[in-house]
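Here is the structure we will look at, set down as C-alpha cells.
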Amino acid sequence: MTTMADLDRLALSLPQTTKELSDDGRPSYRVHGKLFCCQRGRRPDAVDPQTAERLDDVLMFRVADLDVKELLLADDRRVFFTTPHFDGYPAVLMRIPELARIDRDELHDLVVEAWLTRAQKRVARAWLQEHSVSDD
C-alpha cells in the first residue's frame, strides 16, 4: 500500500528533481523546470460522479507516449483515468486514495517513467546506467 509520502520520497530521490507547493499545499515535481507529476487543483474536467463536485485529490503523471497511456487506462483495476483535457496528451490521472491499490514497485516505475519523459537525456542516461536499466 503506497501513500503520498512514498510518492514524495520516490520523486525527490531522482536526480535534479525539485518539489514546489501551491498556495494550498498541492505538490508538483519538476526536473529542469519541467513538470512530470503533480496534484491538480480543482478543475471542471474532473468531477466526482456521485456529487458532481470538482475533485481536489487528483494526481497527474506524465507517460512516455499515448500507447503507454492507453495500456494504463486499460488496466482492469481502473486505478488510472483521463479527462477530455488530456486527450492527445501523454499523461494519466489517479485519485490519491487509489495509491493504496498499487504497490511501491508499481509507484516507483510510474514515477521513474514520468521523470524520464522530462529529464535531460544525459541525466536520464546516467541514472539508467547507474541503476542497470536499459534505456530502450
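Only the coordinates and a few stated rules stand behind these numbers; no lab work does. The model shown is predicted, which means the values in this text are computed figures rather than measured ones. Counting neighbours? That spans all protein chains shown, and the Cβs are built from the backbone with ideal geometry, glycine included.
Rg to Rh for the stretch 46-136: what is it, with Cα atoms only and Rh by Kirkwood? The partial results should precede the final answer.
Working: Rg = 14.7 Å, Rh = 14.4 Å.
With Rh from the inverse mean 1/r over Cα pairs, Rg/Rh is 1.02.
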_Given contacts defined as C-alpha pairs under 8 Å and at least six residues apart, what's the relative contact order of the chain, whole-number percent?_
28
*asked:* As a test of the formula, what do you get for the chain when each DSSP H run with n ≥ 4 contributes -39,500 (n - 2.57) and the sum is divided by the residue count, at 222 nm and rounded to the nearest 500 deg cm²/dmol?
replied: -9000 deg cm²/dmol
*asked:* Which of rounded, prolate or oblate describes the stretch 1-42 when judged by the alpha-carbon gyration tensor and an a/c cut-off of 1.5?
replied: oblate
*Which cross-chain or sequence-distant (5 or more) residues have an amide H under 5 Å from the amide H of Arg43, H modelled 1.01 Å from N in plane?*
Leu55
*Out of Ala114, Leu7, Val31, whose Cα points farthest toward the positive end of the dipole of the chain (charges: +1 Lys, Arg; -1 Asp, Glu; placed on Cβ)?*
Val31
_Length added when fully stretched, Asp67-Arg54, from 0.36 nm per residue minus Cα-Cα_ = 1.9 nm
*Determine ³J(HN,Hα), in whole Hz, for all residues of the stretch 35-46 in sequence, where each value follows from phi through the Karplus function 6.51 cos²θ - 1.76 cosθ + 1.60 and θ = phi - 60°; x replaces Gly and Pro.*
5, 10, 7, 6, 9, 6, x, 5, 10, x, 8, 10
*For the chain, modelled as a GNM with alpha-carbon contacts under 10 angstrom, which of Thr51, Thr117, Thr18 fluctuates the most?*
Thr51
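Mind sorting Leu110, Leu21, Leu10 by how few other Cβ atoms lie within 10 Å of their own Cβ, fewest first?
Leu21, Leu10, Leu110
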